[in-house]
Amino acid sequence: MDSFRRPANGAVTSHSDQLVVAEAPPPSSLPPPPSPPPPHDPFAGPLASVAPWNFSVLAALMFVVTALSLSENLAVMLVTFRFQQLRQPLNYIIVNLSLADFLVSLVGGTLSFATNVKGYFFLGGSACVLEGFAVTFFGIVALWSLAVLAFERFFVICRPLGNVRLRGKHAALGLLFVWTFSFIWTIPPVLGWSSYTVSKIGTTCEPNWYSGNYSDHTYIITFFSTCFIMPLGVIIVSYGKLTRKLRKVSNTHGRLGNARKPERQVTRMVVVMIVAFMVCWTPYAAFSIIVTAYPTIDLDPRLAAVPAFFSKTAAVYNPVIYVFMNKQFRKCLIQLFSCSSHSLDSNPNQTTDRGAVTGNSNTGEMSAIAARIAATEALRAGNGSGDRGAFSQLPIPENKVCPM
């Protein structure tokens with residue numbers, strides 16, 4: 001028993017093997033756990049998890065998209081200003097689409113290029129809010145312009161109000177609706193209903209999809225409904241009714257060799273327009289809904305940047321689909337850049353040469369198709385074989401059906 005003794009500090013020591021069992025230090029002497037790293041400040045520097053070359057690739061892509069968009073849409077506005085025959089009511093909304101796309105690229109494209117070169121949004125929080133609002137506002141203006149354009153074409157071809165034609169005042173009301181409606185649903189985040197914040201990759205600003213607050217969720221759902229579901233529904237319904245109307249005309253005049261050519265062209269163009277709309281806006285809309293439903297979802301910042309990039313590319317192919325595939329616009333563009341002494345203004349009515357048949361409609365390219373439909377309905381009403389023979393000799397020239 002003498003070989004063991006308890007020292008004053010409480011350790012047990014054996015003289016035979018010098019085994020010492022020390023007591024554990026009190027809890028107060030344990031080192032504190034490491035503190036979590038401070039949250040990343042998107043206005044102070046780039047994300048450490050994203051390699052610098054990724055930002056260089058994004059900057060290069062945005063430079064190409066922005067340069068193409070600015071040049072294409074500026075050309076559309078210049079050629080419309082230069083040639084009077086292009087300034088028709090149905091073309092108002094096309095020029096409005098080009099203006100909105102031009103502003104999206106001018107604000108969003110140039111800033112996105114600059115911030116990706118730096119690797120982060122170096123302009124500060126206030127500039128982030130302004131950039132987020134401007135890009136979203138102009139983008140929704142462009143999106144709703146597509147919907148109004150589809151409705152106006154339906155109005156011209158199907159004539160749901162009978163003899164009421166599309167006039168300048170109707171086109172102006174359409175423009176007023178587009179800008180007012182878009183402003184109503186993009187200004188709330190500036191005023192406190194949700195917010196505009198830096199994107200996940202840190203180089204652009206957008207609505208706050210990642211917030212878990214109930215009020216933010218209600219805004220995103222409302223925004224999704226009014227700025228994606230509604231215009232998509234208008235586009236599908238309008239072009240669907242327009243295509244069915246043209247199919248009836250083609251069936252009535254099926255004995256003509258070229259009777260179905262306009263209908264095939266219009267159907268092909270409608271499919272291209274709807275597919276382009278879906279490719280552009282569906283990734284962005286789906287991303288917003290998924291992130292809103294699961295705000296804690298862990299997404300790679302590079303993957304999260306893809307939907308916004310797709311939406312910005314619309315400013316490049318919208319002019320190609322809606323303007324450059326139009327033979328009248330294309331001829332005027334060639335005239336504008338060829339610097340020829342001969343001016344297309346010498347024949348300002350070249351697209352309305354059937355004014356006697358169309359009632360001097362000011363809708364240009366749509367007038368011949370509208371007249372053909374009116375003739376078909378007259379034939380169905382039993383106007384006689386003489387009228388039938390006269391109307392059957394009114395084929396639609398190719399330059400009257402593009403773009404649809």
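The values are calculated or read from the model by the stated rules, or taken from the named source; none is laboratory data. The structure displayed is predicted, hence computed values, not measured ones. No Cβ is skipped: glycine too gets one built from the backbone with ideal geometry, and neighbour counts run over all protein chains shown. Keep in mind that these areas ignore ligands, DNA and RNA; they rest on the heavy atoms of the full protein, side chains included. Shrake-Rupley method; radii C 1.70, N 1.55, O 1.52, S 1.80 Å.
Scanning the range 61-114 for residues that are among the small types (Gly, Ala, Ser), within 19 Å of Phe137 (Cβ to Cβ) and open to solvent by 10 Å² or more (accessible area, probe 1.4 Å) yields nothing.
Looking at the range 146-251, the helices (runs of 4 or more DSSP H) lying wholly inside it that each contain 2 or more residues that are crowded, with 19+ Cβ neighbours inside 10 Å sit at 168-186, 214-224.
Scanning the range 99-145 for residues that are at negative phi and not in a helix (DSSP H, G or I) gives Tyr120, Phe121, Phe122, Leu123.
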